[in-house]
Amino acid sequence: MEWWKDAIIYQIYPRSFQDSNGDGIGDIPGIISRLDHLQELGVGAVWLSPVYPSPNDDNGYDISDYKDINPEYGTLEDMDRLILEAKRRGIRILMDLVINHTSTAHQWFEKSRRRIAPYTDYYHWAPAGPDGTLPNNWTGFFAEDCWQWDDVRGEYYLHLFARSQADLNYHCPQVLEEVKEILRFWLDRGVAGFRCDVINLLWKDSLADGEKRLALTGLEHYLSLEGTHDILRQLRQVLDGYRAFTVGETVFVTPETARDLCGPDRGELNMVFSFQHMECDQYFVKWLKRDFRPKRFFEALIKWQRELPWNAIYLENHDQPRSIPRFASEGYWRESGKLLATLLLTLRGTPFIYQGQEIGMVDFDFDGADQLDDVESRNVDRLLSACHVPEGLRWRIIRRTSRDNARTPFQWDDGPNAGFTTAARPWLGVNRNFHFVNLADQEADPDSIWSWYKDLAALRREREVLRRGDFLWLECTHRVFVYRRRLGRESVTVALNFSDRPAWVGRRGTLLRSNYYRDGFDGRLRPWEAVILEDHGN
Ligand code: ISL
Ligand code: CA
């Protein structure tokens, strides 16, 4: 049963969801206490960003033990309780599987750096280059070198991400066996599957120099290689025993390369998170002007809708700025939140809602760099400052790109710290707009973004055409996107106006939904209006 074709999946960033014990850090008991919220929203599964023990250099994406829970978040018993309590509400739990790298605090790394068998080759170790330089010319994802010298071993190790995230070496066969064990460990506890972090980078074919590029030199030595496909097929054999689900986070994929990773005949992943539609907003550093191009965004979506039979649909996650200021307009905050919800929940594929998206949370309102936590932002800040970029400019760049934008605590109500924690200070600042943007207010308001999400989730459950129907685009201009979903004789049209001005579209039909009050639809869309129409005569 492909349950994931009918479900909406909700991403939780555990550190920022709900604190239960007043230490300012979200935790698993906190998540359990909020399961009713997720059930009300109508989600079928929850993906938890990492909850494993971790030094938190990259907030849990640096794992030091794959078979335990970070004491900050709770215990294995709490996790078991979460799985059970979620199941009682018809919600599955997905874990984040981060197997491209481990934390350097993992005991595998401790043993590997001491050359203790069988761990000696668990990581990519290399001596200095001939003239005492780094082993190769690769560059990493986080604005730092991707080689780090280790005194204990007397060699460098590879880290494509932060210095404390050492890349695992899949040329060493034990590594994959360890990963299979990890899968079984969690699947036996009742987890329904995994979101697989940067999963198309696992296999490095060699450590030879890469072709020089502006960013990520060395990419051709590890991007979506056959070795990775082979690993995924081996993991699939374990997963199949549990009928488990996987979504891969896959960087720099095209529909063609994505199909190789998640095509139904491939026996690898069930779907992937691709990035092309997310790259349709460019910031011109020179003018620092946001330049989101709706047409390119629609075209990217259309391309992926057409070329893959099924895929993951998302507009937000813990690495990206919030979607309302990014793709729509804070000036039309409510309309924009609903418009983006309409897009997310009516495209073909499995929609992923990121925590806070359902109440229209927006980017952080920090006052300065000292309030940042994200390792990437801090590295970028250091790099720009080394290049003598003035502070004001640095700050503007970081504000627009920082991953902390999406990581501020969930805004539950308008009490202290938005109901996230009873601590005086949460681990990351709460957005001061929580007085206007919070769940409690929106629950009381049938016209809120939250109510709209619930309503559309229900509509999607009722109308199979919205889940399983074909996708056909009808209009795609620099601000208007119109498409049709069709299943047998059922047909529904969605029309979206991504602009502050009214727009005309050449479609009619019975109005099912609009994010404005109106009786019928005459073809004229108001600013940031989204309508869903029932088509006739098909
Ligand atoms: O977030 C990014 C840029 O701002 C991406 O390049 C991101 O680093 C990439 O998508 C990989 O992300 C995943 O792996 C990282 C982790 O920091 C991210 O949070 C995770 O989603 C390393 O594990
Ligand atoms: Ca806590």
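The values are calculated or read from the model by the stated rules, or taken from the named source; none is laboratory data. Here the structure is a predicted model, which means the values were calculated and not measured. So basically every Cβ, Gly included, is an ideal-geometry build from the backbone, and we count neighbours across all protein chains shown. Just so you know, the surface numbers come from the protein's heavy atoms only, side chains and all, with ligands and any DNA or RNA stripped out. Shrake-Rupley method; radii C 1.70, N 1.55, O 1.52, S 1.80 Å.
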Picked from segment 364-400 (must be within 15 Å of ligand 1 (Cβ to nearest atom) and part of a loop (DSSP other than H, G, I, E, B)), the residue surrounded by the fewest Cβ atoms within 10 Å (Cβ to Cβ) is Asp373
Please verify whether segment 16-33 includes one or more residues that are within 15 Å of ligand 1 (Cβ to nearest atom) and not basic (Lys, Arg).
-> yes
Going through segment 330-363 one residue at a time, which ones are open to solvent by 10 Å² or more (accessible area, probe 1.4 Å) and over 17 Å from the mean Cα position of the chain (by Cα)?
-> Glu330, Gly331, Tyr332, Trp333, Arg334, Glu335, Arg348
Take Arg432 and decide whether it is among the charged types (D, E, K, R) and touching an Asp or Glu at 6+ places or on another chain (Cβ under 9 Å).
-> yes
Given (1) open to solvent by 40 Å² or more (accessible area, probe 1.4 Å); (2) modelled with pLDDT of 95 or more, where does Phe410 come up short, assuming only one miss?
-> (1)
So Asn317, is it crowded, with 20+ Cβ neighbours inside 10 Å and either over 13 Å from the mean Cα position of the chain (by Cα) or farther than 26 Å from Val179 by Cβ (or both) = no
Restricting the first residue to segment 81-110 and requiring it to be over 19 Å from Lys67 (Cα atoms) and open to solvent by less than 10 Å² (accessible area, probe 1.4 Å), which pairs with a second residue that is within 16 Å of ligand 2 (Cβ to nearest atom) and aliphatic (A, V, I, L, M) meet a Cβ separation below 9 Å and a spacing of at least six or different chains?
-> Ala86/Ile31; Ala86/Ile32
The residue that is nearest to ligand 2 (Cβ to nearest atom), considering only those in segment 24-42 that are open to solvent by 10 Å² or more (accessible area, probe 1.4 Å) and part of a loop (DSSP other than H, G, I, E, B), is Ile25
Could you look through segment 262-283, keep only residues that are out of contact with any Asp or Glu (no Cβ under 8 Å at 6 or more places or on another chain) and open to solvent by 60 Å² or more (accessible area, probe 1.4 Å), and pick out the one that is farthest from Arg233 (Cα to Cα)?
-> Glu279
Filter result for the condition that a residue is more than 22 Å from Arg378 (Cα to Cα), among the β-branched types (Val, Ile, Thr) and within 16 Å of ligand 1 (Cβ to nearest atom), over Ile99, Ile63 | Ile99
Filter segment 1-13 down to the residues that are in contact with a strand residue (DSSP E or B) (Cβ under 6 Å, 6 or more places away or on another chain) and within 22 Å of Asn405 (Cβ to Cβ), then identify the one that is nearest to ligand 2 (Cβ to nearest atom).
-> Ile12
Of Arg266, Arg259, the only residue that is farther than 16 Å from Met95 by Cβ and either part of a helix (DSSP H, G or I) or among the hydroxyl-bearing types (Ser, Thr, Tyr) (or both) is Arg259
Check on Phe298, under 30 Å from Asp58 (Cβ atoms) and more than 16 Å from ligand 2 (Cβ to nearest atom) | no
Check segment 396-417 and report whether any residue there is free of Cβ contacts under 8 Å to residues at least 40 places away in the same chain, over 22 Å from the mean Cα position of the chain (by Cα) and within 16 Å of ligand 2 (Cβ to nearest atom).
-> yes
